[in-house]
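Below you'll find the structure, written out as structure tokens, and then a few comments.
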Amino acid sequence: MSAVWDAVLRLYGEYGASRVGLALIDYDAAKKLVILRTSHATVGMVRAALASITKVHDRPVAVHVLAVSGTIRALSKKMTRKYA
Amino acid sequence: MKRKYADLHVCLDLENDEHVACMIRKTSELGYQLMAIPLPQNLSEEKIRTLQDVCREYKIDFASRVDLRPRTSNELIKSLRKLRRKFEIIAVMCESRHIARQAAKDRRVDLLSFPGHDRRRGFFDKAEAELASNALGCLEIDLKPLLTQGGRERIRLLSSLRREVATAVDFHVPVIVSSGASNELLLRKPREAAALTSLFDLDEVSALEAISKNPMAIVKRNREKLSPKFVAPGIRLIRRGKDC
């Protein structure tokens with residue numbers, strides 16, 4: 001999560017970071033899946049911040065957004081439909 | 001209708017088959033329908049066919065591209081004369097103002113690329129944009145430097161990109177956003193690439209066009225021109241024979 005916050009801070013500064021309302025909802029280490037919550041008005045900002053992450057603890061990584069939804073229930077449905 | 005996305009700049013190590021397959025697979029998985037690979041000018045037809053086969057295997061369309069780095073205008077004109085009919089996309093790396101001007105006014109050039117460290121020199125100004133607008137040239141922006149640079153370097157890059165994009169929009173020069181990736185971790189999904197372009201003030205619709213409609217239009221136009229049936233823009237051979 002610190003990598004995500006760092007990316008948001010790097011790109012948008014503290015003012016931008018204060019607008020995104022970022023929160024970690026779920027993290028599945030085995031599947032390498034994370035569910036993040038953000039304000040719907042700042043989805044683009046978070047998407048850009050996630051795309052700008054190239055390293056976590058000096059290890060090269062790439063973060064991709066698999067789905068965006070308004071509720072966790074709809075998100076699970078979407079994920080099941082897409083990746084089941 | 002569903003958008004078709006294209007990445008016109010995926011750099012492959014053509015000697016390494018595993019790397020080639022891995023990059024092509026990843027580009028396809030990320031949702032691109034077309035990818036262009038910069039090729040050496042003297043690459044054999046057989047190697048190109050192999051690349052096409054690998055792309056077909058991963059269900060992605062392949063477009064051949066050549067990157068020109070001429071030192072003089074004459075060298076550029078010579079290369080264009082030699083290569084225009086061999087490659088679907090011709091990009092010119094504008095490393096001097098002189099080359100940038102020549103490339104912008106030549107209708108055979110598809111993409112104007114400016115190296116990341118040279119962007120501050122501001123080769124893509126109003127005069128350049130006007131020439132490019134008349135000659136159907138497009139401004140290419142690679143995302144790789146945006147991802148790999150940080151701190152002040154990235155701030156300067158974003159500032160230059162913002163200025164260039166605003167000039168391109170003013171003069172109706174199409175913008176193309178490509179990954180410029182040389183490894184799979186630098187590839188981004190089309191929506192993510194579009195989100196990154198918001199950093200240099202490209203609006204969402206233009207950003208999506210920069211990775212779908214604009215690159216597709218270049219490839220379509222050039223494929224039509226390279227087709228043996230092409231006569232002139234808008235005119236093509238439908239049938240040949242005595243009864244025509």
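If you go through region B:169-185 and keep only what is outside any strand (DSSP E or B) and hydrophobic (A, V, I, L, M, F, W, C), you end up with B:Val169, B:Phe171, B:Val173, B:Leu185. Put simply, of B:Leu147, B:Leu202, B:Leu208 the only residue that is more than 16 Å from the chain's Cα centre (by Cα), assigned to a helix (DSSP H, G or I), within 13 Å of chain A (Cβ to nearest Cβ) and over 26 Å from B:Arg85 (Cα atoms) is B:Leu147. Of the residues B:Leu68, B:Leu136, B:Leu83, the single one that is modelled with pLDDT under 90, farther than 22 Å from B:Ala207 by Cα and surrounded by 14 or more Cβ atoms within 10 Å (Cβ to Cβ) is B:Leu83. Annotation note: of B:Val109, B:Val66, B:Val92, the sole residue that is among the hydrophobic types (A, V, I, L, M, F, W, C), under 15 Å from the mean Cα position of the chain (by Cα) and assigned to a loop (DSSP other than H, G, I, E, B) is B:Val109. Which one is nearest to the other protein chains (Cβ to nearest Cβ), of the residues in region A:38-74 that are part of a helix (DSSP H, G or I) and among the basic types (Lys, Arg)? Taking the candidates together, the pick is A:Arg47.
Taking the criterion of being out of contact with any Pro (no Cβ under 6 Å at 6 or more places or on another chain) and either under 30 Å from B:Glu29 (Cβ atoms) or assigned to a helix (DSSP H, G or I) (or both), the residues of region B:69-78 that qualify are B:Ser73, B:Asn74, B:Glu75, B:Ile77, B:Lys78.
From (1) touching a Lys or Arg at 6+ places or on another chain (Cβ under 9 Å); (2) away from chain B (no Cβ under 11 Å), pick out the condition that doesn't hold for A:Tyr12. Failing condition for A:Tyr12: (2).
Yes or no: B:Glu130 charged (D, E, K, R), surrounded by 16 or more Cβ atoms within 10 Å (Cβ to Cβ) and touching a Gly at 6+ places or on another chain (Cβ under 9 Å)? When the stated conditions are applied, B:Glu130 does not pass them. Among the residues of region A:38-63, which ones are charged (D, E, K, R) and out of contact with any helix residue (DSSP H, G or I) (no Cβ under 6 Å at 6 or more places or on another chain)? Answer for region A:38-63, where residues must be charged (D, E, K, R) and out of contact with any helix residue (DSSP H, G or I) (no Cβ under 6 Å at 6 or more places or on another chain): A:Lys55, A:Asp58, A:Arg59. Considering only residues in region B:151-165 that are within 12 Å of chain A (Cβ to nearest Cβ) and surrounded by 14 or more Cβ atoms within 10 Å (Cβ to Cβ), the one that is nearest to B:Ala207 (Cα to Cα) turns out to be B:Leu158.
For B:Ala181, the conditions (1) over 20 Å from B:Arg3 (Cβ atoms); (2) surrounded by 23 or more Cβ atoms within 10 Å (Cβ to Cβ); (3) away from chain A (no Cβ under 14 Å) all hold with the exception of (3).
The values are calculated or read from the model by the stated rules, or taken from the named source; none is laboratory data. Since this is a predicted model, take the numbers as computed values, not measurements. Heads up, the Cβs are rebuilt from the backbone with ideal geometry, glycines too, and the neighbour counts pull from every protein chain shown.
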